[in-house]
Amino acid sequence: MKQLPEQLTKPFDAQSVEKNIYEMWETSGYFNPDTLPRTDKGSYTIVLPPPNVTGTLHAGHALTATIQDIFIRFKRMQGYKTLWLPGTDHAAIATQSVVEKKIYKEEGKTRHDIGREEMLRRINEFALESQNTILSQLRTMGASLDWSRLAFTLDDKRNLAVRTMFKKMYDDGLIYRGERIVNWDPKGQTTISDDETITEERAGKLYTFKYSKDFPITISTTRPETKVGDTAVAVHPEDERYRTYVGKTFDVEFAGCPISVKIIADTAVEKDFGTGALGVTPAHSAIDWDMKERHNLESRQVINEYAKMYGLKNEELNGKKVTDAREYIVNWLRESDLMIHEEDIVQNIPTAQRTGAVVEPLPKLQWWVNVNKEFKHFGKTTTLKQLMRDVVASHEIEILPGRFEKVYFNWIDNLRDWCISRQIWYGHRIPVWYKGDEIYCDINAPKGNDWKQDEDTLDTWFSSGLWTFSTLGWPSETQDFKTFHPTNVLETGHDILFFWVARMILFSTYALNTVPFKTVYLHGLIRDTQGRKMSKSIGNVLDPRDLSHKYGTDALRMALIVGNGAGNDLKLGEDKVKAYKLFSNKIWNATRFVLERTADFTSPVSLTKDDEEEYTKWQAIKKDITSDIENYRLHLASEKIYDYFWKTFCDVLIETRKTRILENKDTASAQTLLLTLLREQLVVLHPFMPFITEEIWKYVKSEHDNELIISSWD
RNA sequence: GGGAGAUUAGCUCAGUUGGUAGAGCAACUCGUUUACACCGAGAAGGUCACAGGUUCGAGUCCUGUAUCUCCCACCA
């Protein structure tokens with residue numbers, strides 16, 4: 001370091017160094033635990049939450065990649081055998097609908113015009129392209145992922161894992177086929193799970209009316225069009241008003257359709273709501289379906305998969321959309337003088353998360369995971385729900401921030417059976433075959449020609465739920481699986497706690513009798529400066545690629561981390577990223593100065609008392625930062641190193657030692673202090689700002705030093 | 001209806017186990033041929049939402065109130 005390197009005489013240019021640095025890391029083999037030089041501290045594993053292959057990297061991905069990369073780099077420098085495993089998610093419904101829309105727009109064709117095989121080929125093509133984009137974007141974030149272990153939720157290995165898991169659960173009686181009310185998405189033409197619906201508040205009307213003039217009971221509904229499918233009227237057993245009618249059946253003509261209505265008493269009815277009497281439509285309401293089961297009622301479906309009326313005696317109704325049918329029946333009620341009251345109310349309507357369509361409850365034969373069924377599990381009788389609950393209650397899995405434990409328990413306690421079959425083509429096909437009345441479930445197809453495989457595919461979360469171990473080779477007993485499972489930290493957004501985190505806990509505890517990870521670290525959402533969600537329609541999206549190009553990846557990473565505590569939403573504005581670009585410059589310039597002032601430096605000397613004191617103070621700071629990272633307080637750790645570098649190292653230490661060096665007072669000690677502090681700070685800064693620190697490291701490291709990425713933390 | 005969170009400087013947010021209120025940005029004053037104006041020095045700015053309580057001591061713990069945000073839920 002006698003001569004100041006040419007590079008350092010110019011201002012820092014992040015763009016020009018990032019690509020080369022990343023290539024150096026990637027070819028070095030340091031991302032791969034098998035070729036990592038120092039691994040004396042045991043294994044440390046994180047699986048990357050696989051991004052959907054539907055789009056490009058957004059600010060949330062940038063955040064998740066940064067947090068995990070910090071943990072991984074920190075542990076790698078401490079000497080752990082670190083594995084950060086990358087992959088992508090086929091995101092079944094989302095991906096298929098993106099491609100379907102694209103094809104419809106460009107060619108005016110539906111998936112049925114194109115056919116299953118060709119459609120799947122096209123979706124795969126799209127997925128592959130999208131995957132490449134996403135992976136290259138992860139590289140620009142500096143993510144030190146082991147690319148040699150890249151996985152995809154829909155590749156052959158993961159497909160084997162899925163089939164194996166399905167078969168095991170089927171044999172244990174935990175997966176069953178059953179008919180009941182499902183959430184049907186009329187736009188996506190598939191069932192969806194409860195978690196895939198979003199309830200929206202909408203203005204609605206509560207209509208109070210009688211089926212006919214001579215019908216004795218007045219009922220209320222928000223969906224008059226379903227009333228042509230009514231098979232009962234339910235009242236509360238203790239309701240005096242209706243007691244005399246219970247058990248009787250009335251045949252009436254309603255809107256041109258004959259219906260037969262039995263009066264039943266059921267405690268699910270609220271006496272004080274509306275008239276205290278409820279028209280029961282088993283085929284189009286989940287509560288009504290349950291009442292049908294309890295009272296052995298008829299069920300009559302009057303709405304089809306396209307949310308249109310069908311099978312009715314009144315031909316005018318058939319083929320009408322539900323909203324039009326509602327208007328028709330309301331008018332009929334008014335004209336027939338049967339409408340008693342109309343009231344404006346706000347109602348909660350379930351809609352499909354992916355397509356936005358209003359969910360139509362329909363009775364369907366589907367595959368389910370039974371979460372309440374007792375079964376023998378490694379010698380103990382338990383349920384899936386219980387397994388999921390226990391490992392968190394016992395703190396075998398720690399959820400951060402802790403408040404999400406309550407959210408998790410709340411979800412578990414209200415959990416109903418999970419509908420896992422989907423009527424779309426893109427996904428893992430259900431490994432079940434039919435021949436007449438026979439059903440065959442196995443990992444592979446049965447022998448013989450007459451078997452026909454179930455047409456449905458599995459919920460995408462069924463495959464991503466296996467992610468911590470399907471990526472490590474399960475069901476084979478691989479070395480990877482033995483070394484890296486259970487994983488250490490699962491870092492993801494709190495919005496997928498139920499979808500994904502809970503399902504991983506379910507599958508891992510069930511199949512392996514072990515937790516999938518020890519710690520769950522949940523980050524918040526990234527919002528714009530006004531606290532709104534980033535969305536294309538508002539136009540407030542900050543693209544991480546733009547920010548990275550403009551200010552450098554290191555600056556972006558710092559902006560995402562500093563002050564962003566676990567679980568909290570982050571309001572991100574460009575100003576914040578800019579501020580950390582200035583910090584990059586500060587580091588760069590400070591390095592230039594230190595190297596200039598130590599050009600004649602030969603070897604370290606023992607420090608003067610003052611210098612020794614400063615070094616001791618720094619060591620305390622470093623210890624503090626280490627403890628912050630170990631305790632998942634990245635927002636504090638990053639702020640502390642920023643603060644020390646700028647306020648103490650630059651503003652105080654460089655300024656005072658500069659004078660001493662100029663005046664030639666204890667020069668060697670001052671030089672030793674500055675160089676030592678600079679080097680040690682680069683180490684601490686590296687997980688947060690990997691590019692600039694690795695670049696500078698070239699100029700300050702001694703000959704026998706390794707690259708910074710594998711330099712020792714301590 | 002149930003649950004969770006937030007409320008601290010003009011703005012964005014820290015404040016780990018209770019011990020004299022912090023940072024960044026913005027604004028103000030002064031300075032800069034000496035690593036960096038992508039800078040430095042300085043000053044200013046807060047009844048920690050409100051009301052009680054526990055404590056020698058509360059931004060921090062407890063109770064209640066208000067406002068906002070989010071999640072869950074089959075009042076038709």
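We did not get these values from a lab; they are worked out from the coordinates using the rules stated. All values derive from a computational prediction rather than experimental measurement. A quick note on method: Cβ atoms are made from the backbone with ideal geometry, for glycine too, and the neighbour counts reach across all protein chains shown.
Some notes on this structure:
- Folded to 0 to 90 degrees: helix A:609-630 orientation relative to chain A principal axis, Cα: 20 degrees
- Centre-to-centre separation between the Cα atoms of region A:344-364 and those of region A:1-74: 44 Å.
- Partner aspartates and glutamates for A:LYS617 [C-alpha distance under 18 Å; skip if fewer than 8 residues away on the same chain]: A:ASP628, A:GLU639, A:ASP643, A:ASP651, A:GLU655, A:GLU680, A:ASP714
- Within chain A, helix-based [θ] at 222 nm, where runs of 4 or more DSSP H residues each add -39,500 (n - 2.57), nearest 500: -12000 deg cm²/dmol
- Neighbourhood net charge (13 Å Cβ-Cβ; Lys/Arg +1, Asp/Glu -1) for A:ALA151: -2
- Between the helical axis of A:286-295 and the longest alpha-carbon principal axis of chain A there is an angle of about 50 degrees.
- Cα-based helix-to-principal-axis angle, A:634-643 vs chain A, degrees rounded to 10: 30 degrees
- Electrostatic bookkeeping for A:PRO544 treats Lys and Arg as +1 and Asp and Glu as -1; over the other residues with beta carbon under 11 Å from its beta carbon, the sum is +1.
- Among the trypsin sites (Lys or Arg not before Pro) in region A:371-463, those located in a DSSP loop and surrounded by at most 16 other Cβ atoms within 10 Å of their own Cβ are A:LYS373, A:ARG416, A:LYS447.
- Within region A:222-263, trypsin sites (Lys or Arg not before Pro) in DSSP loop having at most 14 other beta-carbon neighbours inside 10 Å: A:LYS248
- Ordering of A:330-336, A:302-308 by packing [mean C-beta count within 10 Å, highest first]: A:302-308, A:330-336
- R0 of 51 Å, Cβ-Cβ distance A:VAL605-A:GLN479: FRET efficiency to nearest 0.05: 0.55
- Magnitude of the charge dipole, chain A, Cβ model with Lys/Arg +1 and Asp/Glu -1, debye to 20: 580 debye
- Straight-line cross-link partners of A:LYS578 among the lysines, defined as a Cα under 17 Å from its Cα and at least 8 positions apart when in the same chain: A:LYS550, A:LYS586.
- Each Lys and Arg adds +1 at its Cβ and each Asp and Glu adds -1 at its Cβ; summed about the Cα centre, region A:546-606 shows a dipole of about 80 debye.
- Ascending count of other beta-carbon atoms within 10 Å, so fewest first, for A:LYS533, A:LYS622: A:LYS533, A:LYS622
- Full-stretch length increase - A:THR9, A:THR519 - with 0.36 nm per residue and alpha-carbon distance subtracted: 179.1 nm
- Neighbour net charge for A:LYS518 - beta-carbon separation under 14 angstrom, K R +1, D E -1: -3
- When A:THR222, A:THR616, A:THR598 are arranged by Cβ crowding within 10 Å, least crowded first, meaning fewest neighbours, the order is A:THR616, A:THR222, A:THR598.
- Sites matching GluC sites (Glu not before Pro) across region A:240-288 that sit in DSSP coil, with at most 12 neighbouring C-beta atoms within 10 Å: A:GLU270
- For A:ASP454 and A:ARG121, a Förster radius of 22 Å and the Cβ-Cβ distance give a FRET efficiency of 0.55, rounded to the nearest 0.05.
- Across all Cα pairs in chain A, the calculated P(r) in 20 Å bins from zero up to the longest distance comes to 15, 40, 29, 13, 4, 0 percent per bin.
- Considering only chain A, percent of DSSP beta bridges that pair antiparallel, nearest 5: 70 percent
- With 22 Å as the limit on Cα-Cα distance, the pairs of A:LYS292/A:LYS385; A:LYS41/A:LYS623; A:LYS75/A:LYS518 that go past it are A:LYS292/A:LYS385.
- Projecting the Cα atoms of A:GLN619, A:THR54, A:TYR242 onto the charge dipole of chain A, computed from C-beta unit charges around the Cα centre, puts A:GLN619 farthest toward the positive end.
- All lysines inside 20 Å of A:LYS380 as judged from Cα atoms, apart from same-chain residues fewer than 8 positions distant: A:LYS168
- Dipole of region A:454-563 computed with +1 at Lys/Arg Cβ and -1 at Asp/Glu Cβ about the Cα centre; of A:THR509, A:LEU547, A:LEU458, farthest Cα towards the positive end is A:LEU547.
- When each of A:LYS105/A:LYS187; A:LYS248/A:LYS364; A:LYS205/A:LYS313; A:LYS581/A:LYS647 is checked by Cα-Cα distance, pairs over 20 Å: A:LYS248/A:LYS364; A:LYS205/A:LYS313
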